Every structure is written in structure tokens, then in C-alpha cells.
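Structure first, then comments.
The values are calculated or read from the model by the stated rules, or taken from the named source; none is laboratory data. What you see is a predicted model; the values in this text were computed from it and never measured. Glycine also receives a Cβ, built like all others from the backbone with ideal geometry; neighbour counts cover every protein chain displayed. Areas reflect the complete protein model, heavy atoms only, side chains present, ligands, DNA and RNA absent. Shrake-Rupley method; radii C 1.70, N 1.55, O 1.52, S 1.80 Å.
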Amino acid sequence: MNVRPFPRTAIGFQPQYLDFEKGIHVGNLEDNQRITRILKLALEARYREPFVTERFGRGVYWQWIGFVPRSNRDAKPISSKVSFGCSKFFLTVDGEARLFKCGFSVERGMVRPPVDSPGIGLKSDWDWHRLLGSLTRSGRMERELKRLVQREGFCIDAGNWENRLLVDRDRFPGMERLRKVLEGAPPAEWAGFQVYYPMSEKEVRASSGVDLVESMMAIFDEVTPAMNCC
């Protein structure tokens, strides 16, 4: 993998920047150390289009980072100014489960958002609707999810964040059940769908920074066909 303009030997990202207590270390680093900069440049070189970087967190450590294809967001007739409605690549450190997760995500937001936050409410042009439409028996999404989960060891989190359905190789539901879980998420809560490869803290610590960057890009490649279904 080529992550120009940072040659492999110049990538300064370190495994300790994935901190299982504080989150993803992003602040107070050089460009060749900052994972947001490295991955954004790599994604834009790979897919030959601009990406928008999104985040949850502030200061030196961020809890979640997303990369949105700008062309997808710009195409939204209602929601072109926000990234909530777009499928996106993501990475996060789950401190409770002691896992580093990397893959793609589709957010639903809230069907009944608070009066003071209407922008986080589900809109008609969000990719969530395409996701639900793709969850059909014997369809392309089913084939891709079975490949990722049953063959490649990926996992799926589906539903509202406080009560998610976990899908792995040993617990793979049919598309009808998966869709019902998503449709049944409480309307006044945030919900979503994540397909990710889990890496344990031990695996992260045993890897070099360059190996981790290359693994993230390889994971993004693996999930792209499923993400494109949305």
C-alpha cells in the first residue's frame, strides 16, 4: 500500500497512539504521526476523490474518527452540509471491550430528535434508507456480510447504542431479523449499523505503527463493497 506523500519508512504513527484508556491520540503530533492525516491522504489516493474527516471527541484524544466520501455528502439534496446521513469508514478504541474497531458505519440518528437538536433527526436522503433496502435475502449485501463475518472474521453492531445486536461468525442472523432489529431501534435514541474488524489490545501492542496503518487500509478495502450497497 502506498500512503503518499508519506513513504512507508516515513510514517511516524505508533501503536501507543491507540490508547485503550483515553482514546485515539491525535493532538500535538506531526503530520506523519497523525492517523487522521495519514488515512485521509491514503484514502484520497486510493479512491481518487476527496474525503471529509469527522470525529467524536476533543482535545488531544478522540473517541471516534470517520471518513466520509465528499461526493456522497454533496449529492444529498437535503443533508449536503452534514455527515450524519452518509456511510463512512471509521475507527474507534472501545475501552470497555478493550478492542480497536475499524470498518464502516451507517448512522440513523433519531426518528424523534429533541426539539433543540433537529439536525440529528433522520432525513429522507440519508444512507440509512438504502441500508435497510439492501437487507434482502440472497441480495448483494447478504453475500458481502456473510463473506466479511463468516469468512474474514468481521463483526457487526446493529441497533441503538445502549442495546445493540452483536453479530459474529457464531451468531449470524438472517437479513430479515437484522432489518427488524434496525427498524425496531427506539425512535428517540441514536441508532446505527457498524461493520468492523476487531483487534485486541494485545494485537495492537504487538504491531508496528506501519503495520496498523496498512491493516486499517486493508480493512477499508474489504468493507468497501458492502458500504457501496448503501
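Dipole of the chain (Lys/Arg Cβ +1, Asp/Glu Cβ -1, origin at the Cα centre): which of ALA188, TYR61, VAL106 lies farthest to the positive side?
Ranked along the dipole, the leading option is VAL106.
State to the nearest 20 debye the size of the charge dipole of the chain about its Cα centre, where the only charges are +1 on K and R beta carbons and -1 on D and E beta carbons. Please report the intermediate quantities before stating the final value.
Numbers: 35 positive and 30 negative charges, 105 e Å.
Roughly 500 debye, rounded to the nearest 20.
What part of the accessible area of segment 39-140, given as a whole %, is carbon or sulfur when the probe is 1.4 angstrom? Show your work: numbers first, answer last.
Numbers: 2640 of 4970 Å².
On segment 39-140, the fraction of accessible area on carbon and sulfur atoms equals 53 percent.
Got a sec to turn the phi values of segment 140-148 into Karplus ³J(HN,Hα) couplings, 6.51 cos²θ - 1.76 cosθ + 1.60 with θ = phi - 60°, whole Hz, x for Gly and Pro?
Karplus-based 3J(HN,Hα) across segment 140-148 equals 5, 5, 4, 4, 5, 5, 5, 4, 5 Hz.
Just subtract the alpha-carbon distance of ARG147 and GLU96 from 0.36 nm times their residue separation and send over the number in nm, one decimal. Could you put the intermediate results ahead of the total?
Numbers: separation 51, 0.36 × 51 = 18.36 nm, distance 2.73 nm.
Between ARG147 and GLU96, full extension yields 15.6 nm more.
Skip the ligands, DNA and RNA, and give the accessible area per residue of the chain with a 1.4 Å probe, whole Å². Walk me through the numbers before you get to the answer.
Values: 11130 Å² over 230 residues.
Spelled out: the 1.4 Å probe surface of the chain, per residue, equals 48 Å².
If DNA, RNA and ligands are ignored and the probe is 1.4 Å, what is the ranking of VAL115, VAL223 by accessible area, most exposed first? Write down the numbers at each step before the final one.
Numbers: VAL115 145, VAL223 0 Å².
Correct descending sequence by accessible area is VAL115, VAL223.
Can you give me the angle between helix 35-47 and the longest principal axis of the chain, using Cα atoms only, in degrees from 0 to 90, rounded to the nearest 10?
With both axes taken from Cα atoms, the answer is about 70 degrees.
Please express the shape of segment 141-230 as an equivalent ellipsoid: the semi-axes are the square roots of 5 times the eigenvalues of the C-alpha gyration tensor, given largest first in whole angstrom.
Working from the Cα gyration tensor, I get semi-axes of 25, 15, 12 Å.
With unit charges on the beta carbon (Lys/Arg positive, Asp/Glu negative), name the residue among MET141, ALA97, GLY23 whose Cα is farthest towards the positive pole of the charge dipole of the chain.
MET141
Work out, step by step, the length gained on full extension between GLU183 and ALA45: first 0.36 nm times the residue separation, then minus their alpha carbon distance; give nm to one decimal.
On the way: separation 138, 0.36 × 138 = 49.68 nm, distance 3.61 nm.
Taking GLU183 through ALA45 to full extension adds about 46.1 nm, to one decimal.
Each residue of segment 16-33 in order: what ³J(HN,Hα) in whole Hz does its phi give by Karplus 6.51 cos²θ - 1.76 cosθ + 1.60, θ = phi - 60°, with x for Gly and Pro?
5, 6, 8, 9, 7, 9, 10, x, 8, 6, 10, x, 6, 10, 6, 4, 7, 9
Of LYS88/LYS180; LYS40/LYS101; LYS76/LYS101; LYS22/LYS76, which pairs sit farther than 24 Å apart, going by alpha carbon to alpha carbon? Before the final figure, lay out each step's value.
On the way: LYS88/LYS180 22 Å; LYS40/LYS101 17 Å; LYS76/LYS101 28 Å; LYS22/LYS76 34 Å.
Long pairs (Cα-Cα over 24 Å): LYS76/LYS101; LYS22/LYS76.
So what does log10 I(q)/I(0) come out to for the chain at q = 0.18 Å⁻¹, using the Debye formula with one equal point on every Cα and no solvent?
-1.48
If you take the C-alpha gyration tensor of segment 1-114, multiply each eigenvalue by 5 and take the square root, what semi-axes do you get, largest first, in whole Å? Don't skip to the end; give the middle numbers.
Values: eigenvalues 123, 80, 25 Å².
Sorted largest first and rounded, they come to 25, 20, 11 Å.
With every protein chain present, what accessible area does TYR47 have (1.4 Å probe, heavy atoms only), rounded to the nearest 10 Å²?
Number for this one is 70 Å².
Can you give me the C-alpha center-to-center distance between segment 67-113 and segment 140-203, rounded to a whole angstrom?
15
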